Amino acid sequence: MQPKDDYQLLISKINTFIGKYYLNKLLRGLIFFCAGLFSIYLLVNIAEYLGNFNTLLRSVLFYLFVIFSIALIVRLIIPALLGLLKVGRSLTYDEAAQIIGKHFSHVNDKLLNTLQLKRQVLNQPGKHELIAAGIDQKIKELRPVSFPSAIDLKQNIPYLKWALIPIGIICGIALTAPTVLTESTKRIIRHNEYFAPAAPFKFIILNSPLTAVQGDDIPIEVKLEGNHLPSDVYIETYGSTFKLSKKSVSRFQHEFKNMQQDVTFKLTGNGYASATYIIKVSKKPTLISLDVELTYPAYLNKKSERLQNAGDLTLPAGTLVKWLIHTQNTTRLDFKIAGRNQVLNPEKADRFSFTTKVFNSTSYKITTSNSFVNRSTDSSAYQVNIISDEPPAIAVEQKHDSISSKALYFNGRIQDDHGFSALTFYCRVGKPGQQQRLFAKAIKADFTNVQADFFYFWNLKDLRVTPGDRVTYFFEVADNDGVTGPKKTRTPERTLEVPDAKQLDEQLNAGTKAVQEKTESAVKLAAEIERESQKLKRLLLNKNTLSFDEKKQVEQLLQKRLELNELVKNIQEENKKNVYNRQENQQISEEIKEKQKQIADLFNNVLDPETQEMLKKLQTLLEKGEKDQAQDELAKMQMDNKSLKKELDRVLELYKKLAFDQKVEQNISQLNQLAVEQQKLSEQTKQPNADRQDLMQQQQNLSENFKEVKKSLEELQKEDKASGGKMDFNKPEQEEKAVDKQIEESTENLKKNERSKASKAQEQAAKHMQQLASKMQEQQQEGEENENNINAAQLRELLKSLVNSSFTQEKVMQSLRNTSTVDPAYVSLAQQQKDIKDNLKTAEDSLYALSRRIPQIQSTVNKEVTNINDHIVKTLQNMGDRKTPEALNNQQHAMTAMNNLALLLSEALEQLQNMQNKGKAGKGKKKQPSVSQLSQMQQKLNQNMQKAREQMKLQGNQGQGRDGRQNMSEQLAKMARQQQQIRQALEQINRDDNKDGRGGLGNLDKISKEMEQTEREIVNRKISEQTIKRQQEIQTRLLEAEKAEQQREQDNKRESNSGKDIPPGYIKALKDYQQRKTKQTEQIRTVSPAFNLYYKEKIKSYFEQLNGK
């Protein structure tokens, strides 16, 4: 192991030598590097200082200095340093051995040979022993030698002078004239800057820093300091020279406009120039475009949209707005809206977005910035105008039905900016001061449009109002605001006072009186027209032409006739309205309804449809001066006017009788109502906890109401006396006194708090009221019956006389046909014709008097009578002129008119007799019980049978005496009679309404048979459990038949009232609404959807003004 350790020691010593070798080389390189570096530095600085080179030369010197320095490092420093660090190629052992051998003479080649032998040992293992011995020998010889001592570091000291010389010169200059080094060094380092030669003054730029934003203007403020200041200063930039504005001796100014890029400049004055300055221009952050995406509230049913380059916005409230902001040179964006600032970062390069929902009008501001420009003065501001969802508007026009007092029509219009969600009609019903009932009804309308018309028919019958109620009503519309919730608008509340029974009677009686007065006015006007027409007829006979004043009189006459026609039409409408309101508000007997219908028909047929044409023709003939034809038309007008006058007079008389009968029936109805209320008060008085003051007040009210009835009866009595007893009315004074007496006793007993006596007196008062009402009704029926008998007898006599006249006319006509005009018998026939005329005149007077009492006689009767008289008069004229053919023709027309008249009177007589028969049948016929009543009777009978069966069981167990068995037999006999009565009534219903036994009421025959079997079992005292079960089955079937009967009655009532619930004016009101709606639809079609909001509002306003006109 020793040879190997020696060799390693040898190698270690060689490595030490190599390290010291490179260290020595590095030290020497550093010395020469510093000598070269400082020498070139000194040379360059002195040259620049003396030459004051320009930028180019200074740049050349600078880069030469850098290159020279790098070259020295590469040549002198880096190789030695790499060798020392053993990086890359370094000195080998053999090279080191040679260097060592040269230094140590006694070593010579021994070290090199040792290294070579060692390599041979490694390459030739077979000769290992011999070579190893030679190596060891040589190592021993080299062991004392210190290889690193071959390198002497001190040998580098002589080279330091080359470095110390320039360093010393530099230090000397630095101590004596430092500016030579500092200024030159500064100018060389900043070789790309211009350094002006030293001047006796300085250019000082007051702007700090020299920066600008793209597009801005920047002023350059210059200040001069020093001696010998120049009078003018110039600025040089990009080859152009500009003179600065002089503000003072030492202050100058220049402004660069619209900076877009960096600008370099220098200042000059008196031949001296300043350093070159640079104005740095930063890119300006810019807003390029502003797009918005609008998402409207869902309730608007409006599609989302995107607007390009949108700034100011007009939006509905609740719109979701997304701004898409495109910028340039922007890294940050401030979005300020509604006082809140949002800092936005870009989603992409120069693209920002911001989303918010807007409810109120506001403004927003956008400010762009970047890393170079951060300011808020340059911004874009816009306005957001919010169109708030306005409350809906509603306008309603109310119209009362022209006839019905309980029908109202509403034509309305609702308006909103976006649409509606509901339209409701509300009404409150109740007595003043009491809690009212609220009713609501949804109204149909077109809720999709922003404007819609609607029509609503309101019938007070549906509310079931009672007399004296107060009805308050209004409409309410709600819009479809989906943001803040529906807003509602109401119409002003309107109040309707429902008249009480007294007020209603007064209104109806006033309407009747108005019809009566207008009819009287029409009769007077007809009489006046008749007189003036006769005067005009005489005028036409005496004159061939009419003067202007006379023509004026003719025009006035025709105008009066037109006024008469209008008055008659007005009477027809008033009567129709009065009849309808009576039937609508009062319980009217069938007899009164029939009379109302008959008189209404008379009113409606009183005018001849050809009258208008006849008047126009007469006026035309008078204007043309055609006298003869005008006389004929005037004669026709006289006849028509005469018939009209007679018919109006007749209708007036019938109407007076009807008005009287209606008042009588009103009083009868009021008495029955008072009797019911008096009976209820009697029951209340029996109650021990009833308030005495309240009872007295109610009794006082009933007393006042009865006084009103008495007053009305007295007025009827006076009216009957004024008519000469035609109404045949006798006031039941005895019954009135009885009622007054009982009411007075009741009042006194209540004051004394003797309730039992007061109740009995009230009950008696109710009974006497009912008796009073019954007596008046019987009196009215008897008077009606007697009058009808008399009228029928007179009508039969008149019909007999008319038929005889017709036969006589036929005989005269046959005789005239065979008689020559020269025959003396011709005069006798003329006398017979005159007798017929006289007889018919008597019949005419009787018929007219009779028609004033019998409404069944049609209005055409008077026209037929007029035709008879006219043709008979013409017949007599023709016979006097011996014009037999014309006389025969007129006789034929007269006989035809007689036959027509006889037929009309025969029909009237038949109607009168039928009415009499109905009255008698109604008076003697007992009302048949209904299935519902029979069901109740059967239920009560079943309960009694169940009790009887239990008593019979008890008798069988305990035994009863003779009196008990007799009492039971009486009960069973009574139950058997009751069952028999129920069965017979059911069989009658089956015969009348369910003849086949399988109709709508079920199999009533089977029920009757089961009832008959029950009767036998009751008589035989065999009421078993099976009997009770059968009775229950009978009860069940009767209930089923009762339901079927009720359903049938409802169906019949629905069918009969299907047209009655619709008032007369409904159709006209509905047509008016439909026309208005059609007009509105046409107007809406003229508005293009493409118009903006401004023009739509203008068009809407125009149509509203147009419709208002």
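The values are calculated or read from the model by the stated rules, or taken from the named source; none is laboratory data. These figures come from a predicted structure and were not determined experimentally. Neighbour counts are summed over all protein chains in view; Cβ atoms, including those assigned to glycine, are modelled from backbone coordinates with ideal geometry.
Figures for the structure shown
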read-out: Candidates Gln771, Gln673, Gln679 - the one that is of a type in the set (S, T, N, Q) and under 26 Å from Glu787 (Cα atoms); value: Gln771
read-out: Residue ID - modelled with the lowest pLDDT, chosen from residues in the stretch 950-997 that are among the small types (Gly, Ala, Ser) and under 19 Å from Ser1008 (Cα atoms); value: Gly997
read-out: Criterion violated by Glu476 - all others in (1) farther than 25 Å from Ser402 by Cα; (2) surrounded by fewer than 17 Cβ atoms within 10 Å (Cβ to Cβ) satisfied; value: (2)
read-out: Among residues of the stretch 878-893, those that are crowded, with 17+ Cβ neighbours inside 10 Å and not in a helix (DSSP H, G or I), counted; value: 0
read-out: Hey, Ala317 within 30 Å of Glu390 (Cβ to Cβ), aliphatic (A, V, I, L, M) and modelled with pLDDT under 90 or not; value: yes
read-out: Candidate set from the stretch 382-391 (those that are modelled with pLDDT of 90 or more and surrounded by 14 or more Cβ atoms within 10 Å (Cβ to Cβ)); member that is farthest from Gly485 (Cα to Cα); value: Tyr382
read-out: Residue list for the stretch 727-738, filter: surrounded by fewer than 16 Cβ atoms within 10 Å (Cβ to Cβ) and touching a residue at least 24 places away in the same chain (Cβ under 8 Å); value: Asp728, Asn730
read-out: Members of the stretch 180-220 found to be free of Cβ contacts under 8 Å to residues at least 60 places away in the same chain and assigned to a helix (DSSP H, G or I), listed by number; value: Thr182, Lys186
read-out: Residue count for the stretch 810-856, restricted to those that are part of a helix (DSSP H, G or I), farther than 16 Å from Met895 by Cβ and small (Gly, Ala, Ser); value: 6
read-out: Residue within the stretch 364-378 that is of a type in the set (Phe, Trp, Tyr), out of contact with any Lys or Arg (no Cβ under 9 Å at 6 or more places or on another chain), surrounded by fewer than 17 Cβ atoms within 10 Å (Cβ to Cβ) and touching a residue at least 40 places away in the same chain (Cβ under 8 Å) present; value: no
read-out: Residue tally, condition among the β-branched types (Val, Ile, Thr), surrounded by 16 or more Cβ atoms within 10 Å (Cβ to Cβ) and either at pLDDT 90 or above or within 37 Å of the chain's Cα centre (by Cα) (or both), over the stretch 328-355; value: 1
read-out: Looking only at the stretch 284-325, and only at residues there that are free of Cβ contacts under 8 Å to residues at least 24 places away in the same chain and closer than 23 Å to Ser369 by Cβ, the one that is surrounded by the most Cβ atoms within 10 Å (Cβ to Cβ); value: Ala310
read-out: Of residues in the stretch 187-199 being touching a Phe, Trp or Tyr at 6+ places or on another chain (Cβ under 8 Å) and more than 14 Å from Ser59 (Cβ to Cβ), the one modelled with the highest pLDDT; value: Ala199
read-out: Any pair with Cβ under 8 angstrom, 6 or more apart, that starts in the stretch 684-713 at a residue that is among the aromatic types (Phe, Trp, Tyr) and ends at one that is in a helix (DSSP H, G or I); value: Phe706/Leu674; Phe706/Val739; Phe706/Asp740; Phe706/Ile743; Phe706/Met769
read-out: Candidates Gln679, Gln670, filtered to the one that is within 52 Å of the chain's Cα centre (by Cα) and either in the same structural domain as Gln777 (by TED's automatic domain parsing) or modelled with pLDDT of 80 or more (or both); value: Gln670
read-out: Test for Ala452: is it surrounded by fewer than 15 Cβ atoms within 10 Å (Cβ to Cβ) and under 14 Å from the mean Cα position of the chain (by Cα); value: no
read-out: Test set (1) over 57 Å from the mean Cα position of the chain (by Cα); (2) at pLDDT 85 or above; (3) in a loop (DSSP other than H, G, I, E, B) - Lys223 fails condition number; value: (3)
read-out: Test result for Tyr277, hydroxyl-bearing (Ser, Thr, Tyr), surrounded by fewer than 14 Cβ atoms within 10 Å (Cβ to Cβ) and not assigned by TED's automatic domain parsing to the domain that holds Thr314; value: no
read-out: Residue check for Val358: crowded, with 17+ Cβ neighbours inside 10 Å, without any contact (Cβ under 8 Å) to a residue 60 or more places away in the chain and under 30 Å from the mean Cα position of the chain (by Cα); value: yes
read-out: Qualifying residues in the stretch 497-536 (those that are in contact with a Leu (Cβ under 8 Å, 6 or more places away or on another chain) and hydrophobic (A, V, I, L, M, F, W, C)) - the one farthest from Gln572 (Cα to Cα); value: Leu536
read-out: For Pro486: the one exception among (1) part of a loop (DSSP other than H, G, I, E, B); (2) closer than 25 Å to Phe410 by Cα; (3) without any contact (Cβ under 8 Å) to a residue 40 or more places away in the chain; value: (3)
read-out: Extreme residue, farthest from Glu591 (Cα to Cα), among residues of the stretch 778-793 that are touching a residue at least 24 places away in the same chain (Cβ under 8 Å) and of a type in the set (Gly, Ala, Ser); value: Ala792
read-out: Output for the stretch 719-752, where each listed residue is more than 27 Å from Lys656 (Cα to Cα) and either touching a Phe, Trp or Tyr at 6+ places or on another chain (Cβ under 9 Å) or not in a helix (DSSP H, G or I) (or both); value: Val739, Asp740, Ile743, Lys752
read-out: Residue list for the stretch 330-374, restricted to those being among the aromatic types (Phe, Trp, Tyr) and assigned to a loop (DSSP other than H, G, I, E, B); value: Phe359, Phe372
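Residues checked against (1) within 30 Å of Ala887 (Cβ to Cβ); (2) more than 60 Å from the chain's Cα centre (by Cα):
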position	(1), (2)
Phe729	no, yes
Gln742	no, yes
Leu750	no, no
Leu798	yes, yes
